[in-house]
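These notes are about the structure you will find just below.
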Amino acid sequence: MVIKMIRVENLWKSYGEKKVLQGIFFEAEKGKISCIIGPNGSGKTTLLKILNLLETPDKGEVYYNNICLTELNDNGKRFYIKKMAMVFQQPVLYNSNVFDNVAIGLRIRGLRKNEVTDQVNDILKTLGLYEYRDKHAYTLSGGEAQRVCLARALVLKPEILLLDEPTSNLDPSNTQIIENVIKEYCREEGPIVILTTHNMFEAKKLAEKVSLLYNGKIIEEGDVKNFFERPKSDITLKFVNGEIIF
Ligand SMILES: Nc1ncnc2c1ncn2[C@@H]1O[C@H](COP(=O)(O)OP(=O)(O)OP(=O)(O)O)[C@@H](O)[C@H]1O
Ligand SMILES: [Mg+2]
């Protein structure tokens, strides 16, 4: 069986003079949680946006199951974008209630009303949001809003799930809810999951594979045990020992 994976090759991206990504090679497999860890400004969000085909690299390619996505025309890209869901670092919610915010992707895909209702209700229950279904999205707390964004992504059952700092700024109980759902979802549905964080405890708890992004380069990567127990680079060692904190 061929393992589904997403892969980038020699990715470069600058904004003006700032070289944000400098020759990134990275891959993530189906059924595993891959974590990109790095300090503020290291290029995590930029890398996820390129994977999601929202940003175009200056150089380099994105492959999904050996299909080069970056070479496709707009129609081809749209086809693959529909297989992905990204949860952004800052929750983006529409001017409507929680139910509509979660239902939007299913409605765009043309599902029948009762299918939309069932699937949205299920995911709202999973994320502890069912009682908020009629609440206006703009009146939610940060943690609730972040959960709504995750629900909106998960309800689509994407093949590739991109999570940009899914628990930053959340309290421990919201963090726990989100981490449990991510773990459970990854086990059951087995998508490719890539999440970014600057929190090593989150990486340890969730990830199977960890890649350290530093100044636009992947300094070190490996399975979670080797990464934290046997780091090879000085930067990783300092980070793991708590001498530098991201
Ligand atoms: N659209 C843009 N235009 C100009 N500069 C940008 C743009 N997007 C990102 N940058 C710059 O690129 C660098 C990397 O940004 P990016 O958001 O990818 O980092 P990050 O690792 O996600 O950081 P954080 O942990 O703060 O979210 C930063 O210096 C940022 O200011
Ligand atoms: Mg970011």
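Computed from Cα atoms, the angle from the helix 113-126 axis to the main principal axis of the chain rounds to 60 degrees.
For the chain, the mean residue ellipticity at 222 nm estimated from helices alone is -11000 deg cm²/dmol, where every DSSP H run of n ≥ 4 contributes -39500 (n - 2.57) and the total is divided by all residues, rounded to the nearest 500. Build a GNM of the chain with springs between Cα atoms under 10 Å apart, and of Pro166, Pro39, Pro191 the one that fluctuates most is Pro39.
Taking R0 as 22 Å, what's the FRET efficiency between Asn169 and Asn95 from their Cβ-Cβ distance, rounded to 0.05?
Values: r = 22 Å, r/R0 = 1.01.
E(calc), rounded to 0.05, equals 0.50.
Across region 1-78, how large is the tail of the calculated P(r) beyond 22 Å, expressed as a percent of all Cα pairs? Summing the P(r) tail past 22 Å for region 1-78 gives 23 percent. Toward the positive end of the charge dipole of the chain, with +1 on the Cβ of Lys and Arg and -1 on the Cβ of Asp and Glu, the farthest Cα among Ile194, Ile245, Ile178 is that of Ile194.
Between Glu220 and Leu212, the built amide H atoms are under 5 Å apart, and every one of these is 5 or more places off in sequence or on another chain.
A viscosity of 1.306 mPa s and a temperature of 10 °C, combined with the Kirkwood radius over Cα pairs in Stokes-Einstein, give a translational diffusion coefficient for the chain of 85 µm²/s. The magnitude of the dipole of the chain, with charges of +1 and -1 set on the Cβ of Lys/Arg and Asp/Glu and taken from the Cα centre, is near 380 debye. Multiplying the residue separation of Glu208 and Ser233 by 0.36 nm and subtracting their alpha-carbon distance yields 7.1 nm.
If I take R0 = 25 Å and measure r between the Cβ atoms of Lys83 and Tyr15 in this structure, what FRET efficiency does the formula 1/(1 + (r/R0)^6) give, to the nearest 0.05?
The calculated FRET efficiency here is 0.35.
From most to least packed by mean Cβ count within 10 Å, the peptides 141-149, 54-62 give 141-149, 54-62. Under the criterion of Cα pairs below 8 Å and six or more residues apart, the relative contact order for the chain equals 28 percent. Among the listed pairs Lys59/Lys225; Lys4/Lys157; Lys157/Lys204; Lys30/Lys205; Lys59/Lys204; Lys32/Lys205, give every one whose C-alpha distance is greater than 22 Å. Beyond 22 Å between Cα atoms: Lys59/Lys225; Lys157/Lys204; Lys59/Lys204.
Note down, for region 45-97, the three equivalent ellipsoid semi-axes (square root of 5 times each alpha carbon gyration tensor eigenvalue), biggest first, whole angstrom. Show your work: numbers first, answer last.
On the way: eigenvalues 109, 37, 17 Å².
Taking √(5λ) for each Cα gyration eigenvalue gives 23, 14, 9 Å.
For the peptides 167-177, 197-207, the ranking by mean Cβ contacts within 10 Å, running from highest to lowest, is 197-207, 167-177.
About the Cα centre of region 1-125, how large is the charge dipole given +1 on each Lys and Arg Cβ and -1 on each Asp and Glu Cβ? Please answer in debye to the nearest 20. Don't skip to the end; give the middle numbers.
Details: 19 positive and 13 negative charges, 36 e Å.
So the dipole magnitude of region 1-125 works out to roughly 180 debye.
Bear in mind these aren't lab numbers, they're just calculated from the coordinates by the rules spelled out. Predicted model, so just to flag it, every value in this text is computed and none were measured. Reconstructed Cβ throughout: ideal geometry from the backbone, glycine too, with neighbour counts over all protein chains shown.
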